[in-house]
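The values are calculated or read from the model by the stated rules, or taken from the named source; none is laboratory data. Here the structure is a predicted model, which means the values were calculated and not measured. All Cβ positions, glycine included, derive from the backbone under ideal geometry; neighbour counts span all protein chains shown. What goes into the accessible areas is simple: the full protein's heavy atoms, side chains included, and nothing from ligands, DNA or RNA. Shrake-Rupley method; radii C 1.70, N 1.55, O 1.52, S 1.80 Å.
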Amino acid sequence: MTGVIITFFVLTAFFVVLGCVDQRRLYWRFTAWRYRNPEANEPSDAAYNRGRILAFVIAGAMLFSACGAMNFADDSSWSSGELGDVVEAAAESIEAETHSTSGGASTVEEALRDAAEGEGPYYKLHVETAGSDRYLVSTDTGEYPFCLSMTSSESGGFAVPGADGSTTVVPEYALAVSVDEGRC
């Protein structure tokens with residue numbers, strides 16, 4: 001992707017220079033040799049101006065393409081800071097709610113998916129269990145690892161009535177999450 005971006009910037013510079021160069025000199029240097037009578041076939045001043053404007057328009061299109069490619073490259077990858085912010089936001093959202101389970105990789109993955117929305121490509125994140133209630137979060141290539149540690153405590157529950165008139169209490173858990181940069 002870097003090569004594409006550099007190519008767009010080089011083409012931008014080329015067309016800016018082409019637009020700044022005297023168009024009449026370009027005609028006599030590169031095109032006039034094709035005609036038996038080049039003076040009779042020389043373009044008008046309006047045609048020279050259209051060529052100059054066209055070069056600047058193409059330079060603008062190349063610059064726009066370069067910026068779009070840079071934006072695409074940024075949106076399709078993670079930096080350490082971006083991933084750290086997403087992991088911190090996921091940890092905060094896990095702590096903010098009570099859960100019907102005492103944690104697990106699915107809890108971490110769900111919180112990461114919600115936190116990553118609009119920040120970067122969720123599909124390029126990898127969550128791996130790294131022991132009891134510890135999870136390694138990194139990119140799909142293993143870059144920028146973060147260790148998420150969870151501790152759960154029962155925080156009450158809710159009653160579910162049964163068909164036979166009995167009730168079953170489903171426990172709810174409060175999860176405390178800590179985030180450390182690096183592997184677990």
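Computed quantities for the displayed model
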| item | result |
| --- | --- |
| Per-residue SASA entry for Leu112, accessible area with 1.4 Å probe, Å² rounded to 10 | 0 Å² |
| Solitary cysteines of the chain, where the nearest other Cys Cβ is not under 4.7 Å | Cys20, Cys67 |
| Excluding exposed DSSP-loop GluC sites (Glu not before Pro) (at most 14 other C-beta within 10 Å), longest clean stretch of the chain | 1-96 |
| Positive minus negative residues near Thr151 (Lys, Arg vs Asp, Glu; Cβ under 13 Å) | -2 |
| Accessible-area composition of segment 56-152, carbon plus sulfur, in percent [1.4 Å probe] | 51 percent |
| Most positive-pole-ward Cα, Ala55, Ala176, Phe8, against dipole of the chain from beta carbon charges | Ala55 |
| Local electrostatic count, Pro121, Cβ distance below 12 Å [Lys/Arg +1, Asp/Glu -1] | -4 |
| Exposure of Phe158 as accessible area (Å², to 10), given a probe of 1.4 Å and all protein chains | 90 Å² |
| Value of D in µm² per second that Stokes-Einstein yields for segment 27-118, Kirkwood Rh from Cα pairs, at 37 °C (0.692 mPa s) | 175 µm²/s |
| In degrees, nearest ten, helix 105-116 long axis to first principal axis of the chain (Cα) | 40 degrees |
| The chain, helix-only ellipticity at 222 nm - DSSP H runs n ≥ 4, -39,500 (n - 2.57), divided by all residues, nearest 500 | -15500 deg cm²/dmol |
| Additional length obtainable on full extension of the chain from Met1 to Glu95, 0.36 nm per residue less Cα span | 30.0 nm |
| Correct choice for Kirkwood radius over Cα pairs in Å that was computed from the model, options (i) 19.7; (ii) 16.0; (iii) 21.6 | (iii) |
| Loop trypsin sites (Lys or Arg not before Pro), segment 1-109 (other Cβ atoms within 10 Å of the site Cβ: 15 or fewer; DSSP) | Arg36 |
| Per residue, in Å², the accessible surface of segment 4-120 once ligands and nucleic acids are set aside, probe 1.4 Å | 63 Å² |
